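Asks: I'd like to ask some things about the structure below.
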Amino acid sequence: MIPLKVFGFQNLCPKAEMSCSDALLTNHLFNADYKIAANYVPVLPLRAFAHAEIYKHKKKLKLERYFYYKSAGPSAKPYATMNLNVEVRAKGFLGREIIASGTLNEHKVEYFNEVKPYLPRNGDLNVVAKLDGIRVLELTIASDGTKMTNVVKGKFFNKEVNYSTNWRNTKGVLAGLNYEIYAEGVVKEKNSFKAISKGRIQNQSISGTCDMIEENFYTCQEEYGPLRIKTDIKIL
């Protein structure tokens, strides 16, 4: 629970008696189940990251994410835009740090993920993300590459995250909400890639596709309930 006076972000914490985490859930960017899911770690872009081998080869990339209301029509301007610079760095023996910084509209975004691998194919991940200095995401992830499972626990907007992934299927709780998603890379060749997703958060549906358009460039199209989201990824 983070009091307003610590940061003084009047636009994100409008009332002094509210914690910033609670106040953020009244902000128009996050005030619905589907907006919570849309602003969580994006599943399909992560599939593109893996295909581009950014973790193995310690690459950099730029990510642009555009949020639209489907009811506004195909020519409408996005109500929110996220721009991130992402870098993968070596951390100790075989470890990695994934660092991202940028903006969500006028707000500063910071993301940090420390990956600690251990034999045979396991690893622990620790994730922290901040919005204008407010810690909005804290995760611990226990990954088993042999069994193809992940156990994810933590907080998102100060609400419980507790779900597990088994191969392509994820099910559990995201920010206190029932959450499940299926994601699969249906084409995974050197010069061709396509991934799909489908699922739900509470009673809102989630679906999407992600394609390699040309070398080092991917585009994802996703729907979260009444939202449409376009993500462009440029590998540097």
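The values are calculated or read from the model by the stated rules, or taken from the named source; none is laboratory data. Quantities reported herein were computed from a predicted structural model and do not represent experimental measurements. As a convention, Cβ positions derive from the backbone with ideal geometry for all residues, glycine included, and neighbour counts pool all protein chains shown. Each accessible area value is taken on the protein alone, full model and side chains, heavy atoms only, with ligands, DNA and RNA left out. Shrake-Rupley method; radii C 1.70, N 1.55, O 1.52, S 1.80 Å.
Asks: Which numbered condition in (1) open to solvent by 70 Å² or more (accessible area, probe 1.4 Å); (2) under 23 Å from Phe67 (Cα atoms) is the only one that Thr219 fails?
Replies: (1)
Asks: Six or more apart or on different chains, Cβ atoms under 7 Å: show the pairs whose first residue is in the range 93-121 and farther than 19 Å from Lys60 by Cα and whose second is part of a strand (DSSP E or B) and open to solvent by 40 Å² or more (accessible area, probe 1.4 Å).
Replies: Correct list of pairs: Lys116/Asp124.
Asks: Checking the structure you have, find out if any residue of the range 137-147 is farther than 24 Å from Thr26 by Cα, within 18 Å of the chain's Cα centre (by Cα) and surrounded by 15 or more Cβ atoms within 10 Å (Cβ to Cβ).
Replies: Scanning the range 137-147, I find at least one residue that is farther than 24 Å from Thr26 by Cα, within 18 Å of the chain's Cα centre (by Cα) and surrounded by 15 or more Cβ atoms within 10 Å (Cβ to Cβ), so the answer is yes.
Asks: Leu46 versus (1) surrounded by fewer than 20 Cβ atoms within 10 Å (Cβ to Cβ); (2) part of a strand (DSSP E or B): which is the lone unmet condition?
Replies: In the conditions (1) surrounded by fewer than 20 Cβ atoms within 10 Å (Cβ to Cβ); (2) part of a strand (DSSP E or B), Leu46 misses (2) alone.
Asks: Also, quick follow-up: Let me confirm something: among Ala195, Ala175, which residue is buried (at least 20 other Cβ atoms within 10 Å of the Cβ) and within 17 Å of Phe30 (Cα to Cα)?
Replies: Working: Ala195 fails: within 17 Å of Phe30 (Cα to Cα).
Going through Ala195, Ala175 in turn, just one is buried (at least 20 other Cβ atoms within 10 Å of the Cβ) and within 17 Å of Phe30 (Cα to Cα): Ala175.
Asks: Still on this model: On the basis of being open to solvent by 60 Å² or more (accessible area, probe 1.4 Å), modelled with pLDDT of 95 or more, within 22 Å of Gly154 (Cβ to Cβ) and not β-branched (Val, Ile, Thr), does Leu84 make the cut?
Replies: Considered against the rule, which asks whether it is open to solvent by 60 Å² or more (accessible area, probe 1.4 Å), modelled with pLDDT of 95 or more, within 22 Å of Gly154 (Cβ to Cβ) and not β-branched (Val, Ile, Thr), Leu84 comes out as no.
Asks: Could you list, in sequence order, all residues of the range 51-73 that are more than 13 Å from the chain's Cα centre (by Cα), open to solvent by less than 60 Å² (accessible area, probe 1.4 Å) and either closer than 25 Å to Asn150 by Cα or at pLDDT 95 or above (or both)?
Replies: His51, Ala52, Ile54, Lys59, Leu61, Tyr66, Phe67, Tyr68, listed by residue number.
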